[in-house]
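To keep things clear, I will list the structure first and then write my remarks on it.
The values are calculated or read from the model by the stated rules, or taken from the named source; none is laboratory data. Nothing here was measured: the structure is a model prediction, and the numbers come from that model. For neighbour counting, all protein chains shown are included, and Cβ atoms are generated from backbone atoms with ideal geometry for every residue, glycine included. We work out accessible area using only protein heavy atoms, side chains counted, and drop any ligands, DNA or RNA first. Shrake-Rupley method; radii C 1.70, N 1.55, O 1.52, S 1.80 Å.
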Amino acid sequence: ATITVTPTYSNGGVTCSGPVKTFTLVVNPIPVISFNPVSASILFSNSVQLNATITGPYISYLWTPSAGLNNPAILNPVASTATTTVYKLSVVAPNNCNAEKTLPVTVYKNIYIPNSFTPDGNGINDIFRIPPGTALKLQYFQIYDRYGNQIFSTSNINEGWDGTYKGAKLPVGAYNYIIKGFDLKREVFIQGSVILIR
């Protein structure tokens, strides 16, 4: 790019222009990083390949953190992380310009539903719910008493049952539940029972 500068001087209401100066500005290209896909989700104990493409000249690249990667010095490493991790690819161009981009890998747990809960207000196991981090897009989570009456229903995976119905504490015993939704690979339909303990 070429930049032209014309200096001006002002003194007592008189303005003068100096000689025109021309400068050549060199803009060094920065590598462009792209991911396909732009994020990844895996079930706990599974792995996923990170697919990166670098457009433009570069001399080196490196993924960080290296934990959970089979090789942080290749463009398409396999991530086998046990926890949700944001990986960063750093690229160095020949002109020492740097480019960085992050790729989140979300790790979900397999579906595990507890078989009992104790809604006694002590802050431990007070709510019967789908555990956080479960890989499920919930359609509904419903609970029924032994007579088949629905006493709880939600489509919010973060909500759970506190052992009450219409504000009243329900008695100790077994209650049936139905969970329907989709995990990362398939439709999920789970039926079971939970023991309410006080």
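Odds and ends about this structure:
- Among the residues of region 163-198, those identified as within 12 Å of Ser116 (Cα to Cα) and not in a strand (DSSP E or B) are Gly163, Val172, Ile197, Arg198.
- Subset of region 116-141 (residues that are closer than 12 Å to Tyr175 by Cβ and either among the charged types (D, E, K, R) or open to solvent by 30 Å² or more (accessible area, probe 1.4 Å) (or both)): Ser116
- Residue within region 146-169 that is out of contact with any Phe, Trp or Tyr (no Cβ under 8 Å at 6 or more places or on another chain), open to solvent by 70 Å² or more (accessible area, probe 1.4 Å) and basic (Lys, Arg) present: yes
- The selection criterion, being assigned to a loop (DSSP other than H, G, I, E, B), at pLDDT below 95, of a type outside the set (S, T, N, Q) and over 17 Å from Val92 (Cα atoms), does not hold for Pro29.
- Selection from region 106-123 of residues that are part of a strand (DSSP E or B) and over 13 Å from Ile197 (Cα atoms): Thr106, Val107, Tyr108, Lys109
- Consider region 137-162 and keep the residues that are of a type in the set (D, E, K, R) and in a loop (DSSP other than H, G, I, E, B). The one that is farthest from Lys109 (Cα to Cα) is Arg146.
- A Cβ distance below 7 Å, combined with a sequence gap of six or more or placement on separate chains, defines the contacts here; from region 141-166, residues that are free of Cβ contacts under 8 Å to residues at least 12 places away in the same chain reach residues that are not in a loop (DSSP other than H, G, I, E, B) in the pairs Gln150/Gln142; Gln150/Tyr144.
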